[in-house]
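J.: After the structure tokens below, expect a handful of questions from me.
The values are calculated or read from the model by the stated rules, or taken from the named source; none is laboratory data. Note that this is a predicted model, so its numbers are computed, not measured. Backbone-built Cβ (ideal geometry, glycine too); neighbour counts: all protein chains shown.
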Amino acid sequence: MRFVVTAGPTREAIDPVRFISNRSSGKMGYAIAEAAVAAGHEVKLISGPASVAPPAGTKIISITTSDELHDEVHRTVRNCDVLVMCAAVSDYKPAKFQAQKMKKRKAPFALQLIPTRDILASLSRENRAYLVVGFAAETHDLESNARKKLLAKNCDMIVANDISRNDSGMESDDNAVTIFFRSGESKRISRAPKKIIARELVKIISKMLQKSLTKKSR
Ligand code: CTP
């Protein structure tokens, strides 16, 4: 099967030396890419500036901004069987890039931010030939927020993690996730190293892919 996995943060430049980003390390997405390669799948890994080394056996496509990620995702999904959208995309970017370094000021000032595009929501829903696995990073109301995203972003399944815990989630080597499916079912994977969680996720995704292929060939 052909996997497209996105991972890591995006960066939105303010001026030549400053940017807006987030704490994503890329570890979860990289672990999924690695597990998919180990299971014999072909993997394209679209990655923001991550803090870990890329897994062997994947085709790496490096991006920096949410706009670059948007364009790469649209390009690569044309030839894939599943998109795993693990990247922590910045929801905002500066309204204007300052070409020259902004000088330090004494007075407080406000930076105007504008929303970035929602990449998952921008994917066409008509006759889609691939599965979409979304992620949900939540600090509260995990189940209701994740289920809302599953539908609003038209995912086939969504992997939710509680990022308020400091023993798992962002930057950590461990994670604990709950997967929500469109059927209403859910599956919890309790706290474990991201590499183990990734193997479980790849198994679940492969099963789902197999099912959807069997349906299509009928
Ligand atoms: N996502 C996306 N484009 C964006 C923001 C997020 O495609 N501009 C994707 C993420 O890659 C993830 C899913 O949407 O698969 C959910 O991301 P998350 O950060 O949990 O939620 P947001 O949509 O940003 O909503 P909120 O910040 O309000 O929780």
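J.: Would you be able to say whether some residue in region 188-207 is touching a Leu at 6+ places or on another chain (Cβ under 8 Å), in contact (Cβ under 8 Å) with a residue 24 or more places away in the chain and under 17 Å from Lys27 (Cα atoms)?
T.: no
J.: Let me ask another. Give me the pairs, please: first residue somewhere in region 51-72 and farther than 24 Å from Arg117 by Cα and modelled with pLDDT under 95, second residue anywhere and of a type in the set (Gly, Ala, Ser) and within 15 Å of the ligand (Cβ to nearest atom), beta-carbon distance under 7 Å, and either six or more positions apart or on two chains.
T.: Note: pairs meeting the criteria are Ser51/Ser25; Ser51/Gly26; Val52/Ser25; Val52/Gly26; Pro54/Ser47.
J.: Give the number of residues within region 21-79 that are buried (at least 18 other Cβ atoms within 10 Å of the Cβ) and basic (Lys, Arg).
T.: Summing the residues that are buried (at least 18 other Cβ atoms within 10 Å of the Cβ) and basic (Lys, Arg) in region 21-79 gives 2.
J.: If I filter region 105-139 down to residues being near the ligand (Cβ under 8 Å from one of its atoms) and part of a loop (DSSP other than H, G, I, E, B), which single residue comes out as farthest from Phe3 (Cα to Cα)?
T.: Only one residue fits best here, namely Thr116.
J.: Exactly one condition in (1) touching a residue at least 60 places away in the same chain (Cβ under 8 Å); (2) loosely packed, with under 11 Cβ neighbours inside 10 Å is not met by Lys106; state its number.
T.: All conditions are met except number (1).
J.: Further question on the same structure: Determine if region 164-177 includes at least one residue that is surrounded by fewer than 19 Cβ atoms within 10 Å (Cβ to Cβ) and either under 21 Å from Glu126 (Cβ atoms) or in contact with a Cys (Cβ under 6 Å, 6 or more places away or on another chain) (or both).
T.: No, that holds for no residue.
J.: Is it the case that region 146-158 has a residue that's in a strand (DSSP E or B) and within 13 Å of the ligand (Cβ to nearest atom)?
T.: Yes, region 146-158 contains at least one residue that is in a strand (DSSP E or B) and within 13 Å of the ligand (Cβ to nearest atom).
J.: What's the number of the only condition in (1) within 20 Å of Leu120 (Cβ to Cβ); (2) within 15 Å of the ligand (Cβ to nearest atom) that Asp81 fails to meet?
T.: Of everything listed in (1) within 20 Å of Leu120 (Cβ to Cβ); (2) within 15 Å of the ligand (Cβ to nearest atom), Asp81 misses just condition (2).
J.: While we're on this one: List every residue pair whose Cβ atoms lie under 9 Å apart, where the two residues are 6 or more positions apart in sequence or sit on different chains, the first residue falls within region 81-93 and is over 17 Å from Ala160 (Cβ atoms), and the second residue, located anywhere, is among the polar types (S, T, N, Q) and more than 9 Å from the ligand (Cβ to nearest atom).
T.: Once the first residue is over 17 Å from Ala160 (Cβ atoms) and sits in region 81-93, its partners that are among the polar types (S, T, N, Q) and more than 9 Å from the ligand (Cβ to nearest atom) give Asp81/Ser212; Val82/Ser206; Leu83/Thr76; Ser90/Ser21; Ser90/Thr65; Lys93/Thr65.
So that you can scan it fast, the table gives a plain yes or no per residue for (1) out of contact with any Pro (no Cβ under 8 Å at 6 or more places or on another chain); (2) of a type in the set (Gly, Ala, Ser):
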{"position": "Leu45", "(1), (2)": "no, no"}
{"position": "Ala56", "(1), (2)": "yes, yes"}
{"position": "Cys86", "(1), (2)": "yes, no"}
{"position": "Tyr92", "(1), (2)": "no, no"}
{"position": "Arg117", "(1), (2)": "yes, no"}
{"position": "Tyr130", "(1), (2)": "yes, no"}
{"position": "Ala137", "(1), (2)": "yes, yes"}
